[in-house]
1. Test of understanding: ordering K114, K109, K145 by Cβ neighbours within 10 Å, fewest first, what list do you get?
2. Could you tell me how many degrees, from 0 to 90 and to the nearest 10, lie between the Cα long axis of helix 2-15 and the main elongation axis, the longest principal axis, of the Cα atoms of the chain?
3. Going 7 Å from the Cα of E166 along its beta-carbon direction, which residues of the range 101-127 have the amide nitrogen within less than 13 Å of the resulting point?
4. Between A132, A122, A82, find the one with the highest GNM mean-square fluctuation for the chain; connect C-alpha pairs within less than 10 Å.
5. In nm, give the distance between the simple-model label positions of D58 and I148, each being 7 Å from the Cα along the Cα-to-Cβ direction.
6. What is the sum of charges around G120, taking Lys and Arg as +1, Asp and Glu as -1, for the other residues whose C-beta is under 9 Å from the C-beta of G120?
7. Sorting T129, T33 on the 10 Å Cβ count, fewest up front, what's the list?
8. Given the rule -39500 (n - 2.57) for each run of at least 4 DSSP H residues, summed and divided by the residues of the chain, what is its mean residue ellipticity at 222 nm, to the nearest 500 deg cm²/dmol?
Amino acid sequence: MKLALSTLTLISLFLFPSVSLSNQVNLDISDETIHVAFATKPSKKSLNISASFLHHEDDGEVYSIGAFVQSPINNRQDLHGALGGRFYYLDADGPDGYGIGLGGEVGYKIPSVKGLSIHGEAYYAPKVTMFADIERFVDVSVRIKYRILEQGSVYLGYRSQKVHVEHSSSENIDEGAHVGISLQF
């Protein structure tokens with residue numbers, strides 16, 4: 001299962017940016033992590049697809065493939081939202097597991113500073129949707145992003161990915177600040 005999911009995620013990561021439907025690539029790093037994410041948007045008001053990979057130097061890897069819908073909130077061009085789900089595979093230091101998390105994203109373009117925006121996302125996979133060693137998984141992140149080029153932004157963010165292991169307590173896979181770039185096509 002691990003090999004199949006790893007292969008599928010890696011193929012998705014390399015195929016998404018090479019097709020004309022890709023619209024965003026994110027790469028962020030911290031002292032102990034590297035995170036790569038791709039998102040496609042086939043057309044307005046259609047299903048969007050995402051794939052990501054996070055490697056933590058000490059605590060393992062998190063693979064995800066997601067599907068979501070995205071649109072402005074209340075027809076406001078400065079506020080957008082997304083709702084959807086992600087299939088996660090976690091190869092943590094010790095516990096392993098897979099499952100489905102539901103959640104979404106909110107983004108706000110700050111009108112007083114051109115190019116500045118704030119984004120937050122949260123996904124939750126409860127015990128009923130997680131399998132193997134993991135009972136729950138929470139994936140939360142926030143970032144402040146500044147568009148420096150027409151097709152490129154830099155950002156500073158904070159991410160928390162926590163697992164609750166069967167017959168144990170919660171463990172962090174990743175928790176802390178990161179810096180990154182976002183490229184739009």
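1. The most exposed by this proxy come first: K114, K109, K145.
2. Long axis of 2-15 versus the principal axis of the chain: about 10 degrees.
3. 127
4. A132
5. Once both label points are built, they end up 3.0 nm from each other.
6. -1
7. Listing T129, T33 from fewest to most nearby Cβ atoms yields T129, T33.
8. Theoretical 222 nm ellipticity from helices: -2500 deg cm²/dmol.
Throughout, read-outs are computed from the coordinates displayed, never taken from laboratory work. All values reported here derive from a predicted model rather than from experimental measurement. Positions of Cβ are generated from backbone atoms using ideal geometry, with glycine treated the same way; all protein chains shown enter the neighbour counts.
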